[in-house]
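The values are calculated or read from the model by the stated rules, or taken from the named source; none is laboratory data. As the structure is a prediction and not an experimental result, all values here were calculated from the model. Reconstructed Cβ throughout: ideal geometry from the backbone, glycine too, with neighbour counts over all protein chains shown.
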Amino acid sequence: MTIDAIAGDLGRNIRFVIALIALGSAASGLHAQEAFVPLSAEPRHHLKMDSAKYRVYEVFADQDEAMLFHEHRADNFAVLLSRSDLTNEVQGGQKTEASVKPGIVTFAAASADKSYVHRVLLRGGEPFRNITIEFLQPRPSVETADSPEPLDPALTTLRESPRGKAYRLGLEPNQAARLPSRVSDIFVVCLSEGSVVQKEAGRSNTSWDCKLGDFRLLEQPGEAVLENHTMGRVDLVVVALQ
């Protein structure tokens with residue numbers, strides 16, 4: 001996929017992305033108007049990982065399932081996994097319609113003092129699905145590097161945020177790509193099936209089988225490389241965190 005094609009896809013979905021980014025300010029002061037639940041109590045959000053630093057949910061909603069209004073109290077990345085026609089509804093506020101597809105990444109800022117409440121409703125297409133990564137620790141202080149880190153040509157930037165950057169990574173058979181190294185941690189989210197080998201200096205190689213929606217956390221990865229050991233192409237989203 002070319003950079004122009006990715007830019008075109010993001011342009012067609014810009015209203016949905018902007019709506020999520022702006023939720024914190026748009027929902028301020030509206031919480032008391034309608035009932036809502038904590039994110040952990042929303043039935044369509046399935047907890048997949050809970051640690052001191054991150055909480056990861058797999059979100060799945062079909063047309064006959066009405067998502068409840070729920071509150072986000074932490075910064076979060078969301079990696080979309082479905083081709084769906086959606087309505088994003090801020091509690092007591094704006095409704096935004098968009099068509100999305102796998103590989104779109106959003107970032108929304110939130111905190112205990114400035115949370116936001118919303119729900120996403122499916123209007124058509126595939127059941128709505130995403131992976132939502134919440135940050136449970138305060139934002140780190142920003143440090144400016146002497147020079148930008150060279151980026152592997154296989155990586156294409158999708159989203160930048162105060163918490164880090166998200167990239168699209170497409171690997172052809174036997175192709176390898178170096179992941180960003182000036183990071184604290186990396187999440188890798190699978191957009192397709194395939195066998196991927198993770199290589200790091202001083203550590204044993206790790207092989208894992210990708211399926212749509214699978215994810216893996218690479219903690220303090222250093223110089224890490226991902227290599228495709230499949231006969232077909234493997235598509236991934238790489239979220240490199242500050």
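For the subset of segment 66-86 comprising residues that are closer than 15 Å to Ser115 by Cβ and in contact with a Lys or Arg (Cβ under 6 Å, 6 or more places away or on another chain), which member is surrounded by the most Cβ atoms within 10 Å (Cβ to Cβ)? The selected residue is Asp75. Restricting attention to segment 187-221, the residues being surrounded by 13 or more Cβ atoms within 10 Å (Cβ to Cβ), touching a Gly at 6+ places or on another chain (Cβ under 9 Å), part of a loop (DSSP other than H, G, I, E, B) and not aliphatic (A, V, I, L, M) number 2.
Only a single criterion out of (1) surrounded by fewer than 21 Cβ atoms within 10 Å (Cβ to Cβ); (2) of a type outside the set (Lys, Arg); (3) touching a residue at least 12 places away in the same chain (Cβ under 8 Å) is not satisfied by Pro150, namely (3).
Looking only at segment 187-242, filter to residues that are closer than 20 Å to Lys53 by Cβ and of a type in the set (Gly, Ala, Ser); which one of those is modelled with the highest pLDDT? Here the residue is Ala240. Checked against the criteria, Lys165 counts as in contact with a Pro (Cβ under 8 Å, 6 or more places away or on another chain), surrounded by 13 or more Cβ atoms within 10 Å (Cβ to Cβ) and in contact (Cβ under 8 Å) with a residue 40 or more places away in the chain. Here Glu172 does not qualify as closer than 19 Å to Val56 by Cβ and loosely packed, with under 14 Cβ neighbours inside 10 Å.
Of everything in segment 168-186 that's part of a loop (DSSP other than H, G, I, E, B) and among the aliphatic types (A, V, I, L, M), which residue is modelled with the lowest pLDDT? Before you say what the answer is, go through the steps one by one.
Residues of segment 168-186 that are part of a loop (DSSP other than H, G, I, E, B), as a first pass: 172-175, 179-184.
Of the ones still in play, those that are also among the aliphatic types (A, V, I, L, M) are 179, 183.
Numbers: Leu179: 96, Val183: 92.
If we take residues in segment 168-186 being part of a loop (DSSP other than H, G, I, E, B) and among the aliphatic types (A, V, I, L, M), then Val183 is modelled with the lowest pLDDT.
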